[in-house]
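One structure is given here, and the rest of the page talks about it.
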Amino acid sequence: MPKVTYVDHTGHATTVEVETGENVMRGALYNGIDGITGECGGGLSCATCHCYVDADWTDTVGGPSSQAEEELLESAADEVKPSSRLSCQMVMTDALDGLVVHLPEHQF
């Protein structure tokens with residue numbers, strides 16, 4: 001199973017396995033990772049699963065997958081960076097094994 005490393009705002013890293021086909025948000029929720037809330041359950045209607053894709057992974061993961069994701073990211077206001085993504089929109093594949101995402105201090 002591919003692995004994802006979640007790095008909280010203090011720098012603490014937790015690596016967990018996330019099943020292929022599952023999204024990065026659910027990987028965090030199923031494994032008790034603090035810093036991702038996922039209030040809408042992955043329905044692309046909130047921004048409480050906002051994360052920053054590590055610089056080593058930005059080319060592989062790419063930018064927002066849709067205009068809806070981009071608009072929701074804009075709602076995260078001052079926390080948005082070029083590497084921002086909604087973790088519910090990143091689906092795990094074998095190519096993403098080792099993915100590293102950083103979590104903001106607050107979710108909106």
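The values are calculated or read from the model by the stated rules, or taken from the named source; none is laboratory data. Just so it is clear, the model here is predicted, and its values are computed rather than measured. Here Cβ is always computed from backbone atoms with ideal geometry, including for glycine, and neighbour counts include all displayed protein chains. Quick note on the areas: whole protein, heavy atoms, side chains included, nothing else; ligands and nucleic acids left out. Shrake-Rupley method; radii C 1.70, N 1.55, O 1.52, S 1.80 Å.
In table form, for the structure just shown:
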read-out: Bridge type composition, the chain - antiparallel percent by DSSP, nearest 5; value: 75
read-out: Residue-normalised accessible area of segment 3-102, expressed per residue, 1.4 Å probe, Å²; value: 50
read-out: Relative contact order (%) - the chain, alpha-carbon pairs under 8 angstrom, separation at least six; value: 41
read-out: Segments 69-76, 43-50 sorted - mean Cβ within 10 Å per residue, highest first; value: 43-50, 69-76
read-out: Rounded FRET efficiency, nearest 0.05, which uses the C-beta distance separating ASN31 from VAL80 and R0 of 41 Å; value: 0.95
read-out: Candidates GLY11, GLY98, GLY41, ranked by Gaussian network fluctuation over the chain, Cα under 10 Å, top entry; value: GLY11
read-out: Mean residue ellipticity (222 nm) of the chain, computed from DSSP H runs ≥ 4 via -39,500 (n - 2.57), nearest 500; value: -4000 deg cm²/dmol
read-out: Computed lengthening from THR93 to ALA68, 0.36 nm per intervening residue step minus Cα-Cα distance; value: 6.8 nm
read-out: Matching label, percent of Cα pairs over 23 Å apart computed from the structure shown, candidates (1) 73; (2) 37; (3) 15; value: (3)
